[in-house]
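The values are calculated or read from the model by the stated rules, or taken from the named source; none is laboratory data. Bear in mind that the values here come from a model prediction, so they are computed numbers and not experimental data. Note that we place each Cβ from the backbone using ideal geometry, even for glycine, and neighbour counts take in every protein chain shown. In case anyone asks, the SASA skips ligands and DNA or RNA and just uses the protein heavy atoms, side chains included. Shrake-Rupley method; radii C 1.70, N 1.55, O 1.52, S 1.80 Å.
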Amino acid sequence: MSDDTSADDTAHELRVSKIRNGTVIDHVRAGQALNVLAILGIDGSQNEEVSVGINVPSDRLARKDIVKVEGRELSQEEVDVLSLIAPDATINIVREYEVTSKHRVERPEEVQDVLHCPNAACITTEDEPVTSRFEVLEDGVRCLYCGTIVRESIADLID
Ligand code: CTP
Ligand code: ZN
């Protein structure tokens, strides 16, 4: 798992240094790293140690983004939301520099209370105590209240 022939290393050096303890979100769809940070609530205002690679070469994807967060593991809800914008991502847990667990994100069937419906007439966008619910489709999400389907820019719907 940690051989030196991985795509990250083909340039003979790691583009983003290894972390000691924390989470590496790898194989993020190119261009989505900043949305990953938004989902994780990372805006630079805390003291979190975070490294980001954008458009780095990858074997599995032509280009990928990668986000490494020191000292933090992700909640299932965070992983669920990540899966919507980075469906091929791998979540690697690192302890004392070693990858101790690795799994692909799984797209849930439904997400609740994490996206807002772009339809201004949707009951969920009014001042009602209604929790948003979206069905996760192959290529997008569908509001379970009004049927609006969003395929692009799902990140813009994140609360
Ligand atoms: N990584 C890291 N810090 C560590 C260990 C690993 O930042 N202490 C990063 C690696 O750079 C890589 C990812 O975590 O981007 C997964 O590590 P590893 O499983 O060793 O790499 P690969 O085998 O290339 O992963 P995959 O097969 O998932 O592509
Ligand atoms: Zn709706």
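Given a Förster distance of 25 angstrom, what is the FRET efficiency for residue 119 paired with residue 30, based on the Cβ-Cβ distance and rounded to 0.05?
0.30
Calculate the tail of P(r) for the range 27-109: the fraction of all Cα-Cα distances greater than 16 Å, expressed in %.
For the range 27-109, the share of Cα pairs beyond 16 Å comes to 52 percent.
With r as the distance between the Cβ atoms of residue 138 and residue 100 and R0 = 30 Å, compute the FRET efficiency 1/(1 + (r/R0)^6) and round to 0.05.
On the way: r = 32 Å, r/R0 = 1.06.
In this case the efficiency is close to 0.40.
Non-local amide H neighbours of residue 148 (under 5 Å, H modeled in plane, Pro and chain starts lacking H): which ones?
For residue 148, the qualifying residues are 143.
Given q = 0.11 Å⁻¹, what are the Debye log10 I(q)/I(0) values for the range 72-159, with equal point scatterers placed on the Cα positions and solvent ignored?
Treating every Cα as an identical point scatterer, log10 I(q)/I(0) equals -0.35.
With Kirkwood's inverse mean 1/r over C-alpha pairs for Rh, give me the Rg to Rh ratio of the chain, two decimals please.
1.02
Given a 1.4 angstrom probe, what's the average accessible area per residue across the chain, in square angstrom? Before the final figure, lay out each step's value.
Values: 9190 Å² over 159 residues.
Averaged over the residues of the chain, the accessible area is 58 Å².
Just to confirm the number: angle between the C-alpha axis of helix 76-85 and the first principal axis of the chain, 0 to 90 degrees, nearest 10?
Compared with the principal axis, the helix lies near 90 degrees.
How many nm separate the modelled label positions at residue 112 and residue 149, each set 7 Å beyond the Cα in the direction of the Cβ?
Placing both labels 7 Å along Cα→Cβ, they lie 2.5 nm apart.
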